[in-house]
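Asks: Quick one: structure below, then a few questions.
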Amino acid sequence: MRAQYLVSMLLVLLVSLACFYTVEFIGYRVVALVLLMTVSFLAMLFEIWPVLIAAVLSSVIWNFFFIPPLFTFHIDHTEDVLMFLMYFFIAMVNAVLTSRIRREESRARDKEEKEKTIKLYNTLLNSLSHELRTPVSTILGAVDTLKESKDRLSTSARSDLLSEIDKASIRLNRQVENLLNMSRLESGMLKPKPDWCDLAELINGVIQKINPGISHTIRFNPAEDLPLFRTDAGLMEQIVYNLMQNAIQYTPDGSVISISVKHHLSSCVIVVADNGPGFPAEAIPKVFDKFYRLPSAKAGGSGLGLSIVKGFTEALKGTVLLENGTDGGACFTLVIPAETTYLNNLKNE
């Protein structure tokens, strides 16, 4: 607040000094308009009291240094008296009204942010109530069945129940990870930790993690001369994992998901494409929004996967682009700046 007082008075003094040396050319009545514009400018930036001080100071300076007779507070002409009173009144009213407008705008913004927060909170609760409760119910039900009927269950039935527990646990873990990752993004605590990374090995690891139980075909043929990239392996793994999960979620059984990675200029370029139906044109600008899901999406998922992809990619100073392929299907292109080196070079470092 003290800085606002200082800046307000200093700006009025500087403008007054500039007007003092040009008053012969512009006239003292124009000086009033210039000072009034200065007060109006300050009113858009600062709180009410520094602006009021600037308004009073400008009116005093205009009277003492510009209204004849100069260097006195006495005013000879009635017209100048009226002009001075009008200047003082307009400057004060301008400061007060501008301050009120800024305060009302701030209240409107706060109200809008509160409404958005409540809407987001309700959406999150709805997502949690379904996406977390469903796998938990599955796990609890299967465990109860195993406990109560363990002697009457066949080996095949027990295997099926354990498989259901495994699938529900993976789904629950995925939802919790997405929520935690979104929390990290929104808190601003996400700080990439770059290190040398073999992206071919990383992507193969993600494929091994995601492959069991799916009916899709995943194709990944890494280039033999692919260099090592200096990036955050944890963030990259989550980005690729979420993109593959999204492709599985929005494509029918039996679809083909292809992944490619290459080095282009000073960036790593990863492309994840599928031969599914693609995205409706009107939905493409929304797919990276939190909790957005296509109406035709399969059951499951909270609509956080792609928003996390975008957040993690931007944390790595990269960009992500979604477009429909010319032959159908969706195509996600990631461009992430990263240093590169080859294994032989790294061993010599």
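The values are calculated or read from the model by the stated rules, or taken from the named source; none is laboratory data. The structure presented is a predicted model; accordingly, all values stated were derived computationally and were not measured. Please note: Cβ atoms are built from the backbone with ideal geometry, for glycine as well, and neighbour counts cover all protein chains shown.
Asks: Could we say that residue 70 is surrounded by fewer than 17 Cβ atoms within 10 Å (Cβ to Cβ) and assigned to a helix (DSSP H, G or I) here?
Replies: Taking the combined requirement at face value, the residue does not satisfy it.
Asks: Let me ask something else about it. Name the residue, out of 215, 258, that is over 18 Å from residue 341 (Cα atoms), surrounded by fewer than 22 Cβ atoms within 10 Å (Cβ to Cβ), touching a Gly at 6+ places or on another chain (Cβ under 8 Å) and of a type in the set (Gly, Ala, Ser).
Replies: From the options 215, 258, the qualifying one is 215.
Asks: While we're on this one: Got a number for residues in the stretch 216-262 being in a loop (DSSP other than H, G, I, E, B) and either outside the structural domain of residue 277 (by TED's automatic domain parsing) or under 28 Å from the mean Cα position of the chain (by Cα) (or both)?
Replies: 3
Asks: Kindly evaluate residue 251 against the criterion of being more than 26 Å from residue 190 (Cβ to Cβ), at pLDDT 85 or above and among the β-branched types (Val, Ile, Thr).
Replies: It is true that residue 251 is more than 26 Å from residue 190 (Cβ to Cβ), at pLDDT 85 or above and among the β-branched types (Val, Ile, Thr).
Asks: I'd like to know if the stretch 55-68 contains one or more residues that are at pLDDT below 80 and within 20 Å of residue 9 (Cα to Cα).
Replies: yes
Asks: Kindly establish whether residue 61 is β-branched (Val, Ile, Thr) and assigned to a helix (DSSP H, G or I).
Replies: Considered against the rule, which asks whether it is β-branched (Val, Ile, Thr) and assigned to a helix (DSSP H, G or I), residue 61 comes out as yes.
Asks: For residues that are modelled with pLDDT under 85 and surrounded by fewer than 21 Cβ atoms within 10 Å (Cβ to Cβ), tally how many sit in the stretch 308-334.
Replies: 4
Asks: Checking the condition assigned by TED's automatic domain parsing to the domain that holds residue 89 and closer than 21 Å to residue 90 by Cβ, which residue from 21, 28 passes?
Replies: So the residue among 21, 28 that is assigned by TED's automatic domain parsing to the domain that holds residue 89 and closer than 21 Å to residue 90 by Cβ is 28.
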